1. Tell me which of Ile245, Gly125, Thr286 sits at the most positive position along the dipole axis of the chain, charges placed on C-beta atoms (Lys, Arg +1; Asp, Glu -1).
2. Can you tell me how much longer the chain between Ala209 and Glu24 gets when fully stretched, taken as 0.36 nm per residue apart minus their C-alpha distance, in nm with one decimal?
3. Take Gln38 and Ala256, extend 7 Å from each Cα along the Cα→Cβ direction, and tell me the distance between the two endpoints in nm.
4. Once you have a ≥ b ≥ c as the square roots of the Cα gyration tensor eigenvalues for the stretch 39-88, tell me rounded if a/c is under 1.5, and otherwise prolate or oblate according to whether a/b is larger than b/c.
5. Binning at 20 Å from 0, report for the chain what percent of all alpha-carbon pair distances ends up in each bin.
6. Round to the nearest 0.05 the FRET efficiency obtained for Leu99 and Thr242 when R0 = 30 Å and r is the Cβ-Cβ distance.
7. Run the simple label-point estimate for Leu58 and Ala249 please: 7 Å along Cα→C-beta, distance reported in nm.
8. Estimate the FRET efficiency between Asp2 and Arg183 by the formula 1/(1 + (r/R0)^6), using the beta-carbon distance for r and 35 Å for R0, to the nearest 0.05.
Amino acid sequence: MDLKELGEFGLIERIKEAVGGAPEGVLGIGDDCAVLPQAGGMETLVTTDMLVEGSHFLRDDIPARLLGWKSAAVNFSDIAAMGGRPVGSFLSLGLPRGLDTEWMDGFTAGYRECSDYCGAPLLGGDTTTSQAGICINVTVLGECASGRSRKRSDAVPGDLVCVTGPLGDSGGGLQVILKGVERDAAAGALVARHYRPVPRVREGMALAATPGVHSMMDISDGIASDLRHILKASGTGAEIRTADIPLSAELRQVCARQGWDALDLALTGGEDYELLFTMAPGTEPTVTYYVIGRITEGRDLVWVGSDRDYLGFRHF
């Protein structure tokens with residue numbers, strides 16, 4: 001069996017089976033972060049992610065400063081998804097020979113901008129030579145009060161399914177880049193959402209502190225994929241009202257002009273890094289959010305208003 005047939009999450013499960021489970025009291029493989037208990041009524045959150053040239057970004061298109069921002073942001077987003085506060089990060093780089101210091105200075109400046117925004121400094125890392133393209137690996141440490149981290153496994157039938165912002169802008173921006181669409185104001189806004197996602201750290205902390213908010217994760221591979229992780233971990237199903245998926249005016253405008261399916265981009269495009277969460281009816285979070293469906297008994301995911309079965313991004 002090759003990796004394409006196995007799939008990313010089949011590969012993760014295979015690795016998990018090979019290495020064994022986490023120690024008692026520790027949340028290991030299977031959520032946005034590992035969760036380690038610590039003294040003093042707190043939990044340590046740990047996440048790591050990799051960006052590889054050609055798979056995650058095109059060096060000739062993305063400015064180094066924005067790549068630095070995004071490299072930090074996608075990791076801080078995992079801490080946000082658990083409701084934690086970022087504490088610090090570690091950055092490891094594989095860099096091809098011939099890369100100039102101007103590029104490196106821009107990358108570092110963007111990385112620091114996002115680190116400052118999230119209040120978590122760079123604490124260390126590693127550098128090495130790459131024989132191919134740029135490879136970026138980031139590890140972030142965070143923390144939250146013991147028992148407050150929000151996990152994928154805590155959705156309850158009857159919960160409302162919610163997101164913190166419009167979906168599909170990043171996927172639309174990627175299409176603008178790949179198809180060479182003229183970058184007017186609307187198209188440029190989509191590209192900006194793709195290259196400079198904003199980690200919803202403040203929203204995640206507020207949601208974790210709100211009684212009635214149950215499960216939570218960030219939207220990295222598209223809600224059609226990411227919601228399935230919550231359903232599998234929680235042993236539930238869901239009904240999603242496609243008419244209630246929030247879409248930005250910019251995405252609607254560009255899709256109408258290019259003949260693209262805005263709903264498809266919103267459900268499958270990925271890299272929006274908004275938060276996807278479930279909460280009991282009557283819960284009143286202090287953050288902006290949109291209700292798009294509800295958690296159900298059973299295991300089925302139903303797209304109300306569409307006869308399609310949407311699937312998110314696959315890495316293999």
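A short reminder: the numbers here are calculations on the coordinates, not readings from a lab. Worth saying up front: this structure is predicted, and the values here are computed from it rather than measured. Here the Cβ positions follow ideal geometry from the backbone for every residue, glycine too, while neighbour counts run over all protein chains shown.
1. It is Thr286, whose Cα lies furthest towards the positive end.
2. Length difference between fully extended and current span is 64.1 nm.
3. For Gln38 paired with Ala256, the spin-label model returns 5.0 nm.
4. On the way: a/c = 3.83, a/b = 2.91, b/c = 1.32.
In terms of gyration-tensor shape, prolate.
5. 32, 61, 8
6. On the way: r = 44 Å, r/R0 = 1.47.
Efficiency for this residue pair is about 0.10.
7. Modelled inter-label distance: 2.9 nm.
8. 0.40
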